[in-house]
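No value in this document is a laboratory result; all are computed from the given coordinates. Owing to the predicted nature of the structure, the values given are computational and were not obtained by experimental measurement. Cβ coordinates were reconstructed from backbone atoms using ideal geometry, including for glycine residues, and neighbour counts include every protein chain displayed.
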Amino acid sequence: MQTFNRITSAIFDVVLAPFGHRFAWFDLLLWPVLAGVAALLIYKLVSNQKGIADAKRRIMVNLLEVVLYRENVLGVLGSTLRGMGQNVRYLAYNVVPMLVMIVPMTIILVQLVAHYAYAPLARGDVQLLEVELAPGAKVAPRAVTATFPTGVEVEAGPVRTADGRVLWRIRMLEDGAHAIALRAGDETEQKLVVVGSDPQKVPVLRTRTWEALLYPGEPALPAGSAFETIRIRTPDRDLSPFPSGEGGILLWFFAASLVAGILLRKRLGVTL
């Protein structure tokens, strides 16, 4: 996960935000269209285009038979069953292309979310720093400590819970990227908190689980870490007129890439 995120982030930190993070609309228009085109080309290359076209043709024939011979019960039943079989065949042709397409689509989507879904915290904001220990960790919550930089003030905590969580309420005092050092036994990890008014890539979550692939803003936690997750809640960035937040970017990305694919399929000679 660490290597994968490092490579993809090194690429997209360069190609995303060519005019700065302030102009989110540019990437939110460009990349879904590029993803839609890439998906079409992959689909065309990987799928059985002749088989898909034949399955669609046979489905239409079976539907016409149902309409034309609707008074023949046995004929309608036979046509319906044959149509269902062709639908299964059509879906089977789409399994491999979908599995191949999901990789580049997910990479682009995850990077768009990392760059544009979240807003930096502002001076004076108060948020929770939440640490969750890994199941079976040999370190007890009472052994977890934190060292805070001068730009971050602790208002309350640490509060330790029986289920292995440790929480601090913190206030942002200065703009900048501040590193909080967290210690569990002999292990020390950092969590960045970004404060300021300028739109930028905002780190949200560090984890040792597969979810690290969805949050490339910071390195994943080591596989054997005593920490399961380290999180600071951050606000969603207002992306009007586009929908905001993780869910908003997800919805917009798939809707825009789908529309682009439908509009460009004939020009690229792709049978869907």
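Per residue, the average separation of C-alpha pairs within less than 8 Å and at least 6 apart gives the range 126-232 a relative contact order of 30 percent.
What translational diffusion coefficient, to the nearest whole µm²/s, does the chain have by Stokes-Einstein, given a Kirkwood radius computed over alpha-carbon pairs, a temperature of 20 °C and 1.002 mPa s viscosity? For these conditions, the coefficient is 98 µm²/s. At full extension, residue 71 and residue 187 could sit 34.2 nm farther apart than now, given 0.36 nm per residue minus the alpha carbon distance.
Taking Cα atoms only, the orientation of helix 2-15 departs from the longest principal axis of the chain by about 80 degrees.
Here the label points at residue 233 and residue 96, each 7 Å from Cα along the C-beta direction, are separated by 4.8 nm in the simple model.
Top mean-square fluctuation among 13, 163, 175, Gaussian network model of the chain, C-alpha springs under 10 Å? Between 13, 163, 175, it is 163 that shows the largest mean-square fluctuation.
Compute the acute angle (0 to 90°) between the alpha-carbon long axis of helix 245-264 and the principal axis of greatest extent of the alpha-carbon atoms of the chain; round to the nearest 10°. The two axes meet at around 30 degrees. With Cα atoms as the point set, the range 126-232 shows a radius of gyration and Dmax of 13.4, 41 Å. Its Cα gyration tensor gives the range 91-149 an equivalent ellipsoid; the semi-axes, largest first and in whole Å, are 39, 22, 8. The angle between the Cα long axis of helix 24-46 and the main principal axis of the chain comes to about 50°, on a 0 to 90 degree scale. Taking chymotrypsin sites (Phe, Trp or Tyr not before Pro) as exposed when DSSP calls them loop and at most 15 other C-beta atoms lie within 10 angstrom, the chain has its longest site-free stretch at 70-272. Here r is the Cβ-Cβ distance between residue 61 and residue 41 and R0 is 22 Å; the resulting FRET efficiency, rounded to 0.05, is 0.15.
Dividing the Cα radius of gyration of the range 213-272 by 2.2 N^0.38 Å, with N the residue count, gives 1.74.
Taking a straight Cα-Cα cut-off under 30 Å and skipping sequence neighbours fewer than 8 places away in the same chain, the lysines within cross-link reach of residue 266 are 44, 50, 56.
Using the Cβ-Cβ distance between residue 21 and residue 267 with R0 = 35 Å, the FRET efficiency computed as 1/(1 + (r/R0)^6) comes to roughly 0.60. As a proxy for reagent exposure, 40, 250, 91 were ordered by neighbouring Cβ count within 10 angstrom, fewest first; the result is 91, 250, 40.
Each label point was placed 7 Å from the Cα along the Cα-to-Cβ direction; for residue 53 and residue 103 their separation is 2.8 nm. Pairs of Cα atoms nearer than 8 Å and 6+ residues apart set the relative contact order; for the chain it is 25 percent. Taking the helices alone, the chain has a mean residue ellipticity at 222 nm of -15500 deg cm²/dmol, built from -39,500 (n - 2.57) per DSSP H run of at least 4 residues and averaged over all its residues. Kirkwood analysis of the range 9-160, using all unique Cα-Cα pairs, places the hydrodynamic radius at 21.6 Å.
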